[in-house]
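The next block holds one structure in the form of structure tokens; read it before the comments.
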Amino acid sequence: MTTTAPEIGKKKPGSSKRGGVMGNTGLYIATGVAGLLFLLPFYLIVRNSLMTDQEITGENWKWFPTDIQWGNITEPFNDVTVDFAQSMWNSVVVAVLHTTGILLVCSLAGYGLARIPYKHANKVFYLVLTTLMVPTAVTFVPSFVLVSSLGWVDSYRGLIIPGLFSGFTCFLFRQYFLGFPKELEEAARVDGLGYWGAYWRVVVPNSLNFFAAIATITFINGWNSFLWPLVIGQDPSAWTVQVALSSYMTNQTVNFHLIFMATAISILPLVFVFLFLQRWLVQGIAQTGIKG
Amino acid sequence: MSTTTTRGVAQPAPAKVSKDRPRRGLRASSTFNFWLFTGPFLIGLIVFVFVPIGWSIYLSFFEARFTVTPSDFVGFENYKQVLTDVDFLNSLVTFTVFAAFIVPATWALSLGLALLVNRLRFMRAFFRSVFFLPTAVSYVAASLIWKMSIFNGVRFGLANTVIGWFGVDNIAWLASPDPPWYWLVIVTVRLWLQSGFYMILFIAALQNIPRELYEAASIDGAKPGWQTFRYITLPQLRATSTAVILLLLVAAYQAFDEFFNLLSKATWGQPPLVELYKMALGENQNYGAGSAGAVVLTMLICVVTLLQGKIMGFGRGEEGK
């Protein structure tokens, strides 16, 4: 059907000459090669983490381990120089609380700014907007000064709380709630609910897709963040997994298979989050346009 | 569009009931509710964003080594120190070179991938995931793979193995500034990590281009391929392109993770944030100079953002959203 269509009358845009067999083959070859290149680093992690060091650093490049070293899986946890298990746990706590906190604080503020009439609301909104101009990465010096004077260095508080007040995420929520259908809330008000009740019983349950999208992005950012945990984690017991990985790179002795196994383990939770929540992730990025 | 039809049906019923009683109650309490919703966020914003910024500006005028409550006012001394600091100035050059490579490269690669994926009829979701998957990897983990496995300076690194097949000698990718091979490592790691993310933005934008435009163009005799891309696709992507370039620039300014991990022992290729980190949290703990550097950097970012906004018309047409 579609293949004959372009020949008759006006060419159809989507299925023009390029849609032919040759064009398609070229297209798939190009995409396939690019895809392999993008997957290569993932493969290298798996390959290196299941090889012996002798094989990794051997004279001849091997694409596959001759003898898969399943025993490597426990090695990062037995390593005495870096407490890998502790750093993984720290990352889990930080990423989960970071995500929960941001969703709570920023969504409430975004809703307030979008929907609750208040004569100074605009001024408050401009206050939020100005923080968008100052990238958080630049303020790490003064933030560290503040957090250390609060005595929060090396603590979960110090790792989590300063990152919760993201002007950007608040802004995204505000934009989203501006487009939320008013009719739903009005119905809730008729039923006698105040703003607070309507928010929790009507607005949030009807916005779960958007919350899931922001949660996914926030979780990935929280898990992967490095600069702030590096600044705050002065003591190895407060390291997140990223700081632990980084410390492997500067260690005196390089233990290849251990380092790559640790890297693989650090990536695994995110790949899971990623594959399961991808729909929301893509949708969220397409909707918001920008990383939170 | 469709709301006009539903509104006609849904409106009359609630309008009658909600006329007086609930409305007035909400008005009266709306100030309270506003602060109930935004209060916690605002307090946090002031304490953890505005206070640090203010403190930073304050510290930048004081001699503040190893202390955050200094007493020694030095005026613009710290700024003078930062702006004459060769390392800091070099870091700005490093940023400029980095941005000059990474911004166009990511723009082109992510747009190219989006065009490829968008043309696929089968396995579209699969390939989109493949290109998008690196978004889940941290800069630290990626730096580790790049430094230890791909661009390792000895023979077992992948890059050296591959060039070895063609009889080329090993290259110490990260170990010397001349020739600057480290740029290849730095740029490719970031390309791999971020292109998939921007590809998603471009795919979303591509799908928003009205089909009729292509139909009209083909009637007017435009050949599919370069011509339609040049005269329809590219102009239609203008808003997205602008946003992408802006995001890429700001992200480039904030580069820290991969530079810190790939070039930890090097004296070359240090971007501004690494310099600030060393200045404020290194051996000297010079908060005064570090703060002055942060202020300078923030101002630079603002200027660049505003300039780019002016040039590319960012923000136009955003009001309606």
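The values are calculated or read from the model by the stated rules, or taken from the named source; none is laboratory data. The structure displayed is predicted, hence computed values, not measured ones. Note that each Cβ is placed from the backbone with ideal geometry, even for glycine, and that neighbours are counted across all protein chains shown. Just the protein is used for accessible areas: all its heavy atoms, side chains included, with ligands, DNA and RNA removed. Shrake-Rupley method; radii C 1.70, N 1.55, O 1.52, S 1.80 Å.
Side notes on the structure shown:
- Single residue of the stretch A:225-280 satisfying the filter (free of Cβ contacts under 8 Å to residues at least 12 places away in the same chain and closer than 30 Å to A:L146 by Cβ) that is surrounded by the most Cβ atoms within 10 Å (Cβ to Cβ): A:M249
- In the set A:V141, A:V202, A:V153, A:V124, only one residue is farther than 29 Å from B:L306 by Cα, outside any loop (DSSP other than H, G, I, E, B) and in contact with a helix residue (DSSP H, G or I) (Cβ under 9 Å, 6 or more places away or on another chain); that residue is A:V202.
- Residues of the stretch A:129-149 classified as more than 7 Å from chain B (Cβ to nearest Cβ) and under 16 Å from B:L45 (Cβ atoms), total: 5
- Looking only at the stretch B:188-200, and only at residues there that are more than 13 Å from B:A251 (Cβ to Cβ) and out of contact with any Pro (no Cβ under 6 Å at 6 or more places or on another chain), the one that is surrounded by the fewest Cβ atoms within 10 Å (Cβ to Cβ): B:T188
For every residue, the table says whether it meets (1) touching a Leu at 6+ places or on another chain (Cβ under 6 Å); (2) under 30 Å from A:T218 (Cβ atoms); (3) facing another protein chain (nearest Cβ under 10 Å).
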position: B:F122; (1), (2), (3): no, no, yes
position: B:R128; (1), (2), (3): no, yes, yes
position: B:T135; (1), (2), (3): no, yes, yes
position: B:S176; (1), (2), (3): no, no, no
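- Considering B:G221, B:G269, B:G290, the condition of being outside any helix (DSSP H, G or I) and buried (at least 18 other Cβ atoms within 10 Å of the Cβ) is satisfied by B:G269 alone.
- Residue in the stretch A:213-235 that is among the hydroxyl-bearing types (S, T, Y), outside any helix (DSSP H, G or I) and at the interface with chain B (Cβ under 10 Å from one of its Cβ atoms) present: yes
- Residue check for B:R238: open to solvent by 40 Å² or more (accessible area, probe 1.4 Å), out of contact with any helix residue (DSSP H, G or I) (no Cβ under 9 Å at 6 or more places or on another chain) and more than 20 Å from B:L83 (Cβ to Cβ): no
- For the stretch B:201-211, the count of residues that are free of Cβ contacts under 8 Å to residues at least 60 places away in the same chain and more than 21 Å from B:S110 (Cβ to Cβ) is nonzero.
- Among the conditions (1) open to solvent by 30 Å² or more (accessible area, probe 1.4 Å); (2) out of contact with any Cys (no Cβ under 9 Å at 6 or more places or on another chain); (3) assigned to a helix (DSSP H, G or I); (4) farther than 25 Å from A:L268 by Cα, the only one that A:F168 does not satisfy is (2).
- Scan of the stretch B:61-81 for residues that are out of contact with any strand residue (DSSP E or B) (no Cβ under 9 Å at 6 or more places or on another chain), modelled with pLDDT of 90 or more and surrounded by 14 or more Cβ atoms within 10 Å (Cβ to Cβ), ordered by number: B:Y79
- Qualifying positions in the stretch A:39-62 - open to solvent by 20 Å² or more (accessible area, probe 1.4 Å) and closer than 21 Å to B:F126 by Cβ: A:L39, A:L40, A:F42, A:Y43, A:V46
- Matching residues in the stretch B:90-114 - criterion: being surrounded by fewer than 17 Cβ atoms within 10 Å (Cβ to Cβ) and either at pLDDT 95 or above or over 17 Å from B:P271 (Cβ atoms) (or both): B:P104, B:A105, B:A108, B:G112
- Filtered residues of the stretch B:44-86 (kept if away from chain A (no Cβ under 11 Å) and either assigned to a helix (DSSP H, G or I) or among the β-branched types (V, I, T) (or both)): B:V74, B:E77, B:N78, B:Y79, B:K80, B:Q81, B:V82, B:L83, B:T84, B:V86
- Qualifying positions in the stretch A:185-240 - charged (D, E, K, R) and under 26 Å from A:I116 (Cα atoms): A:E185, A:E186, A:R189, A:D191, A:R201
- Subset tally (residues that are over 19 Å from B:R124 (Cβ atoms) and among the basic types (K, R)) for the stretch B:196-232: 2
- Entry remark, the stretch A:182-197: residues being under 20 Å from A:F210 (Cα atoms) and open to solvent by less than 60 Å² (accessible area, probe 1.4 Å) number 3 in total.
- Among residues of the stretch B:115-129 being open to solvent by 80 Å² or more (accessible area, probe 1.4 Å) and assigned to a helix (DSSP H, G or I), the one that is nearest to A:F276 (Cα to Cα) is B:F126.
- Selection within the stretch A:98-121 - at the interface with another protein chain (Cβ under 7 Å from one of its Cβ atoms), part of a helix (DSSP H, G or I), in contact (Cβ under 8 Å) with a residue 24 or more places away in the chain and not aromatic (F, W, Y): A:V105, A:C106, A:L108, A:A109, A:L113
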